[in-house]
Ligand SMILES: Nc1nc2c(c(=O)[nH]1)N[C@H]1C(S)=C(S)[C@@H](COP(=O)(O)O)O[C@H]1N2
Ligand SMILES: [Mo]
């Protein structure tokens, strides 16, 4: 991966990371309930919000359109390295989905625009042995999901929310969106998508968060 000269404001807020790890150890916010997503729109222990909170490690990269690059590589037939114009030239889709954060807020009916994960799969063609997907972001953040999950029809690489370009604070120019999992699986400031044979836990997964992150099973912590 080429060295980036993207500037980053602030630094990782270690105190906050420590506190969240403590919460994970203590099992904070757990209700012990599960729900059927076909019947319950709001997962257990969640509450609805109208605004969209901002949560990250505290280091916000300034990914300008000129500096943006997205590498898609690993166990694939056809690696890609895309500038923003090339990314925007891929087929674009509108979608509406809910989001659920492990810190207990959920927001319904978010309108997104971006490139579907299925289009990405069509372009790169993962090798038969590829089973996992790792996202790396411009702030150094990483997170992981199974390839099977990545291929679901509601997963997108998004650049717009409610008809406007994604703001820097929310991960613009391009972030992941995996709406059926807790939002920590949706990497902001997307830099790289890597297809792998074995699983590699990401930033929060190595710090006590659940590897699978299904909100209806309350998979907050491991
Ligand atoms: N690159 C990056 N992506 C990230 C994070 C981060 O710190 N860095 N935090 C995750 C967490 S824990 C959450 S809850 C969501 C928050 O996204 P939002 O700020 O747009 O609400 O981003 C996720 N994606
Ligand atoms: Mo989070």
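Where a number appears in this text, it was derived from the coordinates with a stated rule and is not lab data. These numbers were taken from a predicted model, which means no experiment stands behind them.
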Relative contact order, percent, the stretch 131-206 [alpha-carbon distance under 8 Å, six or more residues apart]: 43 percent
DSSP beta bridge pairing in the chain, given as percent antiparallel to the nearest 5: 85 percent
Spread of Cα-to-Cα distances over 5 Å intervals beginning at zero, given as percent, for the chain: 1, 7, 15, 19, 20, 18, 12, 6, 2, 0
Rg/Rh ratio calculated on Cα atoms of the stretch 74-141 (Kirkwood radius): 1.02
Degrees separating the helix 14-26 axis from the principal Cα axis of the chain, which is the longest one: 50 degrees
Relative contact order (%) - criterion: Cα under 8 Å, at least six apart; region: the chain: 24 percent
